[in-house]
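Reviewing the structure listed below.
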Amino acid sequence: MESLFAPPPRSVSPGLYIVATPIGNLRDITLRALDILRAADVVLAEDTRVAGKLLAAYDLKKKLLRYDDHAGEKILPEILDRLAQGQIIAQVSDAGTPLINDPGFRLVSEAQKAGAQVHPIPGASAVLAALCLSGLPTDRFLFAGFLPNKSAARKTFLSEFAAQPATLVMFETGPRLHNSLTDILSVLGDREACVCRELTKLYETAHRGTISELVADTALAEPKGEIVLVIAPPVEAAPSADSLGEALKLALESYAPADAAKQLSAMFGLPRKMIYQKALEMQGKARG
């Protein structure tokens, strides 16, 4: 009978394996992932230097091929040929689960079209780790990837998610964090949020509070390390066009469009600019 705590290595059949790797703590690799890496004929990696360090930590010597957005197209035929020959191909990202904000979608699609077996090898994920640490609702969430670099593009990007009745998860860098939090506040309103930094590493931290509190937190002015933002959903479900219209009509009886937009933005969890434009349209029709 196999031991539950130290199962022997399993045989590995040919195919493409999408292997999750540690996001910080090297011990967060699974025994199954090590079986796959040990058996692999080739390991595909975003950065072969990063993958080389991971393999060396477990005394594994493997042929490494660079697979990223630039090199992927060039070596795709070779990978498909190797799969057709019955080889074992393992794809890893620099950290975490491949394909999550990382290259690999086309590879999986083409391998499946060619009839190769594709196997997910689950493990560490910064998205799931941050969700668990945040203390925010986890029953429904939306991963939005990295926020755009520029403020204007960032606000447009954020407005697409303003009415989503789900917890939002996004990646950001330390130098841009303060500006991004400021834009999030202006577009999404003052929701509960959590800034997770250096997940699974020695200096792992989680800063929780309203977005306005996080904007004012000097410790988050320009933190170092990998950042995952987790943002609570709107307090209420997204309103219908009719309910927003009725509320705006009543608000305009007592307030200027800008003030009405400010109040309803916080109430409905919708972008102030969008409500302001709707208020101007309503005023224009009333005068016409």
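The values are calculated or read from the model by the stated rules, or taken from the named source; none is laboratory data. Since the model is a prediction, treat every value here as computed from it, not as a measurement. Cβ sites come from the backbone with ideal geometry, for glycine too, and all protein chains shown count toward neighbours. Protein only, heavy atoms only, side chains kept; ligands, DNA and RNA dropped before computing areas. Shrake-Rupley method; radii C 1.70, N 1.55, O 1.52, S 1.80 Å.
Which residue is farthest from the chain's Cα centre (by Cα), if the candidates are limited to the range 82-104 and must be of a type in the set (S, T, N, Q) and open to solvent by less than 30 Å² (accessible area, probe 1.4 Å)?
GLN91
So LYS63 clears everything in (1) under 30 Å from LEU168 (Cα atoms); (2) surrounded by fewer than 15 Cβ atoms within 10 Å (Cβ to Cβ); (3) modelled with pLDDT of 95 or more; (4) among the charged types (D, E, K, R) except one condition, right? Which one?
Answer for LYS63: the failing condition is (1).
What residue, of PRO257, PRO271, is buried (at least 17 other Cβ atoms within 10 Å of the Cβ), of a type outside the set (Gly, Ala, Ser) and at pLDDT below 85?
PRO271
Please give the number of the condition ALA193 fails out of (1) in a strand (DSSP E or B); (2) in contact (Cβ under 8 Å) with a residue 60 or more places away in the chain.
Condition not satisfied by ALA193: (2).
Which residues, counting only those in the range 21-47, are out of contact with any Leu (no Cβ under 7 Å at 6 or more places or on another chain), of a type in the set (Lys, Arg) and not in a loop (DSSP other than H, G, I, E, B)?
The one that is out of contact with any Leu (no Cβ under 7 Å at 6 or more places or on another chain), of a type in the set (Lys, Arg) and not in a loop (DSSP other than H, G, I, E, B): ARG32.
Out of the residues in the range 49-59 that are open to solvent by less than 50 Å² (accessible area, probe 1.4 Å) and within 23 Å of the chain's Cα centre (by Cα), state the one that is nearest to TYR17 (Cα to Cα).
Across the range 49-59, the extreme among qualifying residues is ALA51.
Within the range 201-208, is even one residue in contact with a Cys (Cβ under 9 Å, 6 or more places away or on another chain), hydrophobic (A, V, I, L, M, F, W, C) and closer than 18 Å to GLY135 by Cβ?
yes
Could you list, in sequence order, all residues of the range 173-184 that are of a type in the set (S, T, N, Q) and either open to solvent by less than 10 Å² (accessible area, probe 1.4 Å) or free of Cβ contacts under 8 Å to residues at least 12 places away in the same chain (or both)?
The one that is of a type in the set (S, T, N, Q) and either open to solvent by less than 10 Å² (accessible area, probe 1.4 Å) or free of Cβ contacts under 8 Å to residues at least 12 places away in the same chain (or both): SER180.
Modelled with pLDDT of 95 or more and within 24 Å of the chain's Cα centre (by Cα): is that true of ILE79 in this structure?
no
Need the failing condition index for TYR17 against (1) open to solvent by less than 20 Å² (accessible area, probe 1.4 Å); (2) out of contact with any His (no Cβ under 6 Å at 6 or more places or on another chain); (3) over 25 Å from TYR203 (Cα atoms), just the number.
Every condition holds for TYR17 apart from (2).
Check whether at least one residue in the range 197-220 is open to solvent by less than 30 Å² (accessible area, probe 1.4 Å) and under 18 Å from the mean Cα position of the chain (by Cα), and report yes or no.
Yes, that holds for at least one residue.
If you go through the range 106-133 one residue at a time, how many are assigned to a helix (DSSP H, G or I) and hydroxyl-bearing (Ser, Thr, Tyr)?
Within the range 106-133, residues that are assigned to a helix (DSSP H, G or I) and hydroxyl-bearing (Ser, Thr, Tyr) number 1.
Condition check: open to solvent by less than 50 Å² (accessible area, probe 1.4 Å) and assigned to a helix (DSSP H, G or I). Does LEU136 satisfy that?
For LEU136, the condition - open to solvent by less than 50 Å² (accessible area, probe 1.4 Å) and assigned to a helix (DSSP H, G or I) - is not met.
Can you report the number of residues in the range 158-172 which are within 16 Å of the chain's Cα centre (by Cα) and either open to solvent by less than 10 Å² (accessible area, probe 1.4 Å) or over 15 Å from ALA144 (Cβ atoms) (or both)?
Of the residues in that region, 7 qualify.
Could you list, in sequence order, all residues of the range 32-47 that are farther than 12 Å from PRO103 by Cβ and open to solvent by less than 50 Å² (accessible area, probe 1.4 Å)?
Across the range 32-47, the qualifying residues are ALA33, LEU34, ASP35, ILE36, LEU37, ALA39, ALA40, VAL42, VAL43.
In this structure, is LEU64 within 13 Å of ASP41 (Cβ to Cβ), in contact (Cβ under 8 Å) with a residue 12 or more places away in the chain and touching a Ser or Thr at 6+ places or on another chain (Cβ under 7 Å)?
Taking the combined requirement at face value, the residue satisfies it.
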